Structures are given as C-alpha cells and as structure tokens.
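The values are calculated or read from the model by the stated rules, or taken from the named source; none is laboratory data. All figures in this text were calculated on a predicted structure; none of them were measured in a lab. With ideal geometry, Cβ positions are generated from the backbone for all residues, glycine too; neighbour counts draw on all protein chains shown. SASA here: full protein model, heavy atoms, side chains in, ligands and nucleic acids out. Shrake-Rupley method; radii C 1.70, N 1.55, O 1.52, S 1.80 Å.
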Amino acid sequence: MAKKTAVIDLGSNSMRMAIFARTSRYGFYILNESKVRARLGENAYENGGYIQPNAMQKVLNGFDYFKKIAKEYGCNKFYCVGTSALRDAPNANEFISIVKRKFGLNLKCIDGKTEARLGGIASSNLLHDITEATTIDIGGGSTELALIQNSKVVDTISLNLGTVRLKELFFDKKDLDGAKKFIDTLLSQIPPNFKNQNLIAIGGSLRAVSNSIMQKKNYPLKIVHNFLYDFDEYKDYISDICNSHVTELKNYAIKQERLDTIREGVMIFLKIANYLEVKNICTSGVGVREGIFLNSILGKFSKFPANFNPSLKSLQDRFLHTNNSTICKYCKEIFIALKPIHKIDDKYLFELITAAKIHNIGEYLGFYSQHLHSSYFVLNSLNYGYTHAQKSLISLIIKNHGKKEIDKNELLLFSDLLPDSKTILWLSFILAFAKILAPFVKKQLVFTLSNQTLHIENLDNINIQKEQIKKLPKPATFAISFD
C-alpha cells in the first residue's frame, strides 16, 4: 500500500497536484495541494488545437515544480492525466513523450466521458448523502456532466465547451452573442435524462461563484466544499457577475487569477443550469484528482463500504489514543432514555455519536484546551461526507460538553446552520454524562426513566461518579438515581 500518492491533473487552463496520504485501507487526507496556471490550451483553439511552444514550456516547468514538491513529501507514486487541451492537440503524443523523458512520468490522456465519471465518483463518495444529482465540471477546454442515481454514476457526457475556448473564440473578439449561440448549439447534446433539481458544481469557476455568494451572505465557514445554495435565489447575482466588466469583478470577491475567465465560466454555468431545470446547487471541492485516487483504492465498485467515512477514519487513525466505543454506546442509551424530557429529534443522534467518537482528538496537541483543539479539528479536517450544519454542530457539542451554557456569539455566528441552543446543550450534556460513566464501568449499565428520575443500574464506584455528576449542569430538572 502506497502511503503517499500524487495525482497531477493537467487541464486547459491550469495544472494541479494533490498529494494524498493514507492512514489505513480507506482512511486518507490531503497532505498538499499545488497549482500552476500553465494554460496548456493558450492560443491552441485558433491554431488547429496544437499545443503552442510557450504553453508547452510553462507546463514542463510545472511538472518540474510538482516533482520537487512531491520529493519533499517523500512521495514516489504518481498518477498524471491530461484532459481537453491534450485531447484536442495533434501534437499530444510528442508532448507526452517529452514529459516521460524529462520527468519519468506517465502522462495519460483521458477522454471526456472518463473525466466526467471521475468527477462523479469523487462527488458521490465525498459529498454528503448524494443519491440523485447531476454534476457539472467546467474546465478551460471542455465541460463534463455525470448523472448520479442511487449514489452511483450511471451516465456521462463531455461537451467541447470551456472557459479558455470561449474566451479565445468569442470573448476576446467581444462577440458575446456568438458565445451564447455557440453554447445553445451544444446544449442540444445533453440528453433529457440529465435534467435534475440537484446540481453538483465542480471546478475553479464554480467554486469562485460559491465563494462570492458565501462572502455576500457573511457565511460563517470558509470551506467551499459542501456549500449549498438555492439557484433561483442567487441566479440574478450570478448573472451580474457574467455581465460585469472585468474591472468590476473585484466587487464580487473574485480572485485576480480568475478574472480573465470567470465570466465565460459563469455564462456556461447559467445556460446549463437553466437547461437542466436546476433548483439546488451543491459545491464540490473535489473532482478529477480525488476521483483518480479513489479509483486506485476502491477498485471497480468505486464506493466506500456502507457507513464508512474517510475523514472520520483518518482523524481517528492519526490523533486518537483511546477507544471511545463505550462512550458512544452510553451516549445513545442516555439519549433514548431521556427522550421524554429532552424531546430532541432522533436525527441528531448521528452528530452526537460522531462527537463521542472523536471528542478527545485534541489531546494530541495537549491536554489543556483539548476541547478547543478537538473542535478546531472537526471544523477544519472533518471534510468529507458531512454537511456544514453537521460539522458545526459536532464541533460545538465537543467544545461545550460539560458547560452550563453555549457562547452567545457562537450561536449568533452559526445561527443559520445550528438547531436551537437547548438542543446543543442537551447533546453536550449527554456526551459529558457518558464520558463520566464510561471509564469505571465493569458491568452493563441499564438506563430507565420514571417519574422524572433517570435510574442507572449496575454502576460501580458510585461515590466517585456521584461527585462528578453533581457538578455537571443539567439542561432541565430531573433526578438521577444509582440503583
């Protein structure tokens, strides 16, 4: 098993490398991400698709840069793929041979349908609960779509429609009507079954749009992966980006490196989203690179085992020094026993149990302030398979377990993502309660509720735990009896 794997994705506009570090069979995290704006497709679309000498040299410099970074991380396994500009280039084989000779890298040119499938595999595995959706990945030279049904990629299509292609053929000539007609002609290639209420947005242009919306609404998290928004609510705002002059794009928090192709990307996005009759947009921070890596570890089924999460497993593998299974068990049993009092929806059991599994990973940094460390780990490293709302709640359960009240500023900051404060207090209390009970138990505990009293049977070392439980602030009035 290769501990570290580098995946290089050579697109028409930029080339990117991700280094994946495996912590177990399926557990992994991204160790490094690097990007070079090489623009392989620059000036190619008006020159028969041929890769131009200047662009070729920039890409070769990029490969050299990536190899040096990978070496610093001790990475010896590489996957390298080229997409649209390489597919279009009559001199592609010549260029592939140069890359092999100079760097010892096997650059593989993948077709559009494979590119679409890889993005679909990454999204269906690493976003939250993706069952029915269509992915859209807008690149420099092409746009790929994958149809996901029952959490599996069932169909794909690739269009010769990308930001750099549109820029050089139309935008640079100020022919916006020509660009729109060009897109409309290609829309007819998309089969009707790709129409979907749920659209997964992949690629730099669409992440830039999502980031702009996040800043507009003062969104509390700075993580674009799994960011959700209503298409109709922001359609006009996105149109404004498309219709703006390049000098006005700074008003939409568009990064400098994205200024010259963002309007092209937005035009493609709006046209396709309207054609697909989309309602909900889910932003994906993963794509081809993650799809290639997942293919290498998951095999032909391209799916993680049921109820498995690679981010959770990676955090446990790297930072957890204890077995928290007993705490998880008692969290569930206490939650169920006290339900007539707390009346919390069962759906929050998932966040409670997840918090119980990794509540003490912050000990890895140090015992003091471990709650804060653990909370930070959750918000910034529990990346795959969790919604922003789930991550925020898990983080606050961990940060506040054993406390009397939740910080009002935090509640205000995350208000759009969190349940009411009473729910958070109850979940935090249950975690703290289970944590007190778990280390001292020799027999199977039994929890029952009667007459506003929680009865706990088979508890040893009662005096120690009684003192700890007495200090624990309860979210409601009820008694605890040790039988």
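Some values worked out for this structure:
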{"read-out": "Estimated FRET transfer efficiency (Lys3, Asp240; beta-carbon r; R0 51 Å; 0.05)", "value": "0.65"}
{"read-out": "On Cα atoms only, tilt of 262-275 relative to the major axis of the chain in degrees", "value": "70"}
{"read-out": "Semi-axis lengths (Å, descending) of the ellipsoid that matches the C-alpha gyration tensor of the stretch 84-223", "value": "26, 22, 18"}
{"read-out": "Cα-based Rg / Dmax (Å) for the stretch 314-454", "value": "14.7, 45"}
{"read-out": "Derived scalar couplings ³J(HN,Hα) [the stretch 447-454; Karplus, 6.51 cos²θ - 1.76 cosθ + 1.60; whole Hz; x for Gly, Pro]", "value": "10, 9, 10, 8, 6, 6, 10, 8"}
{"read-out": "Alpha-carbon centroids, the stretch 326-387 and the stretch 29-57: separation in whole Å", "value": "44"}
{"read-out": "Amide proton proximity set for Asn32, modelled H, under 5 Å, gap of 5+", "value": "Ile19"}
{"read-out": "Accessible area of the stretch 317-457 divided out per residue, in Å², using a probe of 1.4 angstrom", "value": "47"}
{"read-out": "Potential extension, Phe301-Asp416 segment - 0.36 nm per residue separation minus Cα distance", "value": "37.7 nm"}
{"read-out": "Karplus-derived HN-Hα couplings along the stretch 125-133 (A = 6.51, B = -1.76, C = 1.60, θ = phi - 60°), whole Hz, x at Gly and Pro", "value": "8, 10, 9, 7, 6, 8, 10, 10, 6"}
{"read-out": "Extension gain (nm, one decimal) between Thr185 and Ser369, 0.36 nm per residue minus Cα-Cα", "value": "60.4 nm"}
{"read-out": "Accessible area of the chain belonging to carbon and sulfur atoms, whole % at 1.4 Å probe", "value": "47"}
{"read-out": "Kirkwood Rh and Cα Rg combined as Rg over Rh, evaluated for the stretch 4-110", "value": "1.00"}
{"read-out": "Using a Förster distance of 60 Å, the FRET efficiency for Arg318-Ser481 (Cβ separation, nearest 0.05)", "value": "0.90"}
{"read-out": "Per-residue ³J(HN,Hα) for the stretch 287-299, Karplus 6.51 cos²θ - 1.76 cosθ + 1.60, θ = phi - 60°, Hz, x for Gly and Pro", "value": "x, 4, 4, 5, x, 5, 5, 4, 4, 6, 9, 9, x"}
{"read-out": "Longest DSSP-loop-exposure-free segment, chymotrypsin sites (Phe, Trp or Tyr not before Pro), the chain, at most 10 other Cβ within 10 Å", "value": "1-366"}
{"read-out": "Per-bin percent of Cα-Cα distances, the stretch 417-483 [5 Å]", "value": "3, 15, 25, 27, 16, 7, 4, 1, 0"}
{"read-out": "Rounded tilt (10° steps) of 310-319 against the dominant C-alpha axis of the chain", "value": "60"}
{"read-out": "Amide H contacts of Cys80 (H built 1.01 Å from N, under 5 Å, at least 5 apart or other chain)", "value": "Ile8, Lys108"}
{"read-out": "Phe350/His455 FRET efficiency (R0 22 Å; Cβ-Cβ; nearest 0.05)", "value": "0.25"}
{"read-out": "Accessible surface, the stretch 66-209, averaged per residue in Å² (probe 1.4 Å)", "value": "42"}
{"read-out": "Largest-first principal axis extents, alpha carbons of the chain, Å", "value": "84, 48, 38"}
{"read-out": "Pairwise centroid distance, computed over Cα atoms, of the stretch 95-126 with the stretch 240-262, Å", "value": "29"}
{"read-out": "Sparsely packed GluC sites (Glu not before Pro) within the stretch 110-217, loop by DSSP, other Cβ within 10 Å at most 13", "value": "Glu132"}
{"read-out": "Largest to smallest accessible area among Asp416, Asp177, Asp9, Asp88 [probe 1.4 Å]", "value": "Asp416, Asp177, Asp88, Asp9"}
{"read-out": "C-alpha long axis of helix 204-216 to longest principal axis of the chain, angle in °", "value": "50"}
{"read-out": "Distant-in-sequence amide H partners of Val446 (H built 1.01 Å from N, under 5 Å)", "value": "Glu457"}
{"read-out": "Of Lys100/Lys181; Lys217/Lys339; Lys313/Lys339, those spanning more than 31 Å from alpha-carbon to alpha-carbon", "value": "Lys100/Lys181; Lys217/Lys339"}
{"read-out": "Computed [θ] at 222 nm, helices only, for the chain once each DSSP H run of length n ≥ 4 contributes -39500 (n - 2.57)", "value": "-14000 deg cm²/dmol"}
